[in-house]
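Comments concern the structure below.
The values are calculated or read from the model by the stated rules, or taken from the named source; none is laboratory data. A quick note: this is a predicted structure, and the numbers were derived from the prediction, not measured. Note that we place each Cβ from the backbone using ideal geometry, even for glycine, and neighbour counts take in every protein chain shown. Heads up: the accessible areas ignore ligands, DNA and RNA and are worked out on the full protein's heavy atoms, side chains in. Shrake-Rupley method; radii C 1.70, N 1.55, O 1.52, S 1.80 Å.
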Amino acid sequence: MHSEKRLPCWEEKIKKELAHLEEISQKRELVSTECAEQPWLTINGCRMLNLASNNYLGYAGDERLKKAMVDAVHTYGAGATASRLIVGNHPLYEQAEQALVNWKKSEEGLIINSGYNANLGIISTLLSRNDIVYSDKLNHASIVDGALLSRAKHIRYRHNDLDHLEAFLKKSPIEARKLIVTDTVFSMDGDFAYLEDLVRLKERYNAMLMTDEAHGSGIYGKNGEGYAGHLHLQNKIDIQMGTFSKALGSFGAYVVGKKWLIDYLKNHMRGFIYSTALPPAILGAIKTAIELVQQEPERRSLLQTHSEYFREELTNYGFNICGSRSQIVPIVIGENEKAMEFAARLQKEGIAAIAVRPPTVPENEARIRFTVTALHDKKDLDWAVQKVSIIGKEMGVVE
């Protein structure tokens with residue numbers, strides 16, 4: 001008699017973990033989406049209002065970026081040839097980085113393959129075991145992972161609670177290398193970091209300050225240079241990181257700062273040294289997007305108008321929007337299952353908005369995360385607010 005074949009213990013454990021995720025409504029799935037760069041997209045053959053995209057200024061589908069990509073392919077080829085330190089540093093890199101430096105008014109800049117790799121690489125390169133990183137509790141996961149990889153002491157202060165941060169800074173050894181790092185626009189709540197106060201603290205306690213402008217680049221500041229630029233704090237922040245993959249409609253990330261900082265990263269950041277260069281088409285789009293965002297402030301103005309209207313309307317209906325002041329507008333639902341049901345009902349009504357669940361947000365704070373763009377029409381936003389309010393009342397989220 002043959003004994004029943006059993007799964008290897010590691011396989012059984014992994015499958016149990018997946019089953020548990022499904023039980024608590026935290027299992028994620030990939031969904032095929034078409035026309036996601038447009039105000040209306042298609043999911044599983046259904047046309048829906050796109051309130052889930054990071055294409056804040058509408059550049060992802062812009063014909064000028066497409067042309068820049070085609071021109072770059074014709075000139076430099078379709079793919080990268082090697083890492084930038086080998087033979088991958090073709091002239092488009094220099095052109096795009098010069099455009100970046102001029103835009104951000106910094107000494108030096110470096111283009112990196114993605115926002116996740118940028119935060120992972122910058123933080124783990126600048127810090128080591130005997131150093132300290134202070135991170136806002138709502139910072140992006142890539143910042144958290146960069147801190148963990150650095151092996152520095154990782155201290156997470158309560159969201160935007162600068163008294164809490166200062167209490168930690170007061171206890172830190174004078175000789176320790178200290179890095180304060182924060183998102184400027186928080187990706188799940190849509191509110192802002194208190195940058196002026198963070199600058200004062202970093203100067204008082206001899207710390208470095210790093211900002212992540214992923215959701216601020218292109219949107220704030222006179223020329224879209226970011227939230228730090230909006231507050232005229234560029235020269236007081238040691239490390240400014242951001243992405244081209246949201247408001248600028250392309251792909252990749254950047255870091256700007258003093259020349260010595262960029263030189264140090266070029267020589268020590270493993271994610272830069274050992275990564276293949278970006279394809280020329282991407283760099284062509286980056287360069288063009290940097291130019292366009294400075295020439296078209298009306299897109300930023302329209303985005304701000306749409307965002308303010310959408311926030312006010314949802315607040316008037318009684319939704320908790322987490323203090324959002326930006327184009328990211330969440331509504332807190334609570335339980336995972338309820339958030340998933342809310343999202344499913346929205347999709348059935350023709351609105352693409354995603355349920356965000358733990359561990360991305362705290363337990364019992366699952367939410368629907370709406371994102372507004374410059375391409376939306378006010379009548380579409382009106383229609384969406386009405387649908388959201390009806391579902392919210394029927395499900396008991398608002399009265």
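One residue is enough: does the range 66-73 have a residue meeting the conditions under 27 Å from Ala277 (Cβ atoms), under 23 Å from the mean Cα position of the chain (by Cα) and open to solvent by less than 50 Å² (accessible area, probe 1.4 Å)?
No, the range 66-73 contains no residue that is under 27 Å from Ala277 (Cβ atoms), under 23 Å from the mean Cα position of the chain (by Cα) and open to solvent by less than 50 Å² (accessible area, probe 1.4 Å).
When the residues of the range 250-288 are filtered to those that are polar (S, T, N, Q) and in contact (Cβ under 8 Å) with a residue 60 or more places away in the chain, which remaining residue is most open to solvent (accessible area, probe 1.4 Å)?
Thr276
Tell me which of these Gly109 doesn't satisfy, since it passes every other one: (1) more than 30 Å from Leu283 (Cα to Cα); (2) touching a strand residue (DSSP E or B) at 6+ places or on another chain (Cβ under 6 Å); (3) open to solvent by less than 10 Å² (accessible area, probe 1.4 Å).
(1)
Looking only at the range 338-371, count every residue that is out of contact with any helix residue (DSSP H, G or I) (no Cβ under 7 Å at 6 or more places or on another chain), open to solvent by 80 Å² or more (accessible area, probe 1.4 Å) and either under 17 Å from Ser53 (Cα atoms) or modelled with pLDDT under 95 (or both) and tell me the total.
Result for the range 338-371: 3.
Would you pick out the residues in the range 201-231 that are crowded, with 23+ Cβ neighbours inside 10 Å and of a type outside the set (Gly, Ala, Ser)?
Correct list: Leu209, Met210, Thr211, Asp212, Glu213, His215, Ile219, Tyr220, Glu225, Tyr227.
Taking the residues in the range 372-385 that are assigned to a helix (DSSP H, G or I) and touching a helix residue (DSSP H, G or I) at 6+ places or on another chain (Cβ under 9 Å) as candidates, determine which candidate is surrounded by the fewest Cβ atoms within 10 Å (Cβ to Cβ).
Taking the candidates together, the pick is Lys378.
Please identify the pairs in which a residue from the range 59-88 that is assigned to a loop (DSSP other than H, G, I, E, B) has its Cβ atom under 6 Å from the Cβ atom of a residue that is open to solvent by less than 30 Å² (accessible area, probe 1.4 Å), counting only partners at least 6 apart or on another chain.
Listed by first residue and then by second, the contacts come to Ala80/Gly88; Ala80/Ala277; Thr81/Gly88; Ala82/Gly88.
Need the failing condition index for Thr315 against (1) surrounded by 14 or more Cβ atoms within 10 Å (Cβ to Cβ); (2) outside any helix (DSSP H, G or I); (3) free of Cβ contacts under 8 Å to residues at least 12 places away in the same chain, just the number.
Condition (2) is where Thr315 drops out.
Looking for something in contact (Cβ under 8 Å) with a residue 60 or more places away in the chain and open to solvent by less than 100 Å² (accessible area, probe 1.4 Å) - is there at least one such residue anywhere in the range 12-22?
No, that holds for no residue.
Among the residues of the range 85-104, is there at least one that is open to solvent by 50 Å² or more (accessible area, probe 1.4 Å), within 22 Å of the chain's Cα centre (by Cα) and over 24 Å from Val293 (Cα atoms)?
No, the range 85-104 contains no residue that is open to solvent by 50 Å² or more (accessible area, probe 1.4 Å), within 22 Å of the chain's Cα centre (by Cα) and over 24 Å from Val293 (Cα atoms).
Each row is one residue, and each column tells you yes or no for (1) buried (at least 21 other Cβ atoms within 10 Å of the Cβ); (2) assigned to a helix (DSSP H, G or I).
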{"site": "Leu120", "(1), (2)": "yes, yes"}
{"site": "Val133", "(1), (2)": "yes, no"}
{"site": "Ile143", "(1), (2)": "yes, yes"}
{"site": "Phe168", "(1), (2)": "no, yes"}
{"site": "Ala176", "(1), (2)": "no, no"}
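What's the number of the only condition in (1) in a helix (DSSP H, G or I); (2) touching a Phe, Trp or Tyr at 6+ places or on another chain (Cβ under 8 Å); (3) surrounded by 23 or more Cβ atoms within 10 Å (Cβ to Cβ); (4) of a type outside the set (Asp, Glu) that Gln294 fails to meet?
Of the numbered conditions (1) in a helix (DSSP H, G or I); (2) touching a Phe, Trp or Tyr at 6+ places or on another chain (Cβ under 8 Å); (3) surrounded by 23 or more Cβ atoms within 10 Å (Cβ to Cβ); (4) of a type outside the set (Asp, Glu), the odd one out for Gln294 is (3).
Tell me the residue from Ala343, Ala355 that is free of Cβ contacts under 8 Å to residues at least 24 places away in the same chain, hydrophobic (A, V, I, L, M, F, W, C) and under 30 Å from Asp136 (Cβ atoms), please.
Checking each option against the conditions leaves just Ala355.
Taking into account only those residues within the range 1-60 that are at negative phi, small (Gly, Ala, Ser) and more than 20 Å from the chain's Cα centre (by Cα), which is modelled with the highest pLDDT?
Residue satisfying both the conditions and the ranking: Ala19.
So which of Asn206, Asn160 is closer than 23 Å to Ile328 by Cβ and outside any helix (DSSP H, G or I)?
The unique qualifying residue is Asn160.
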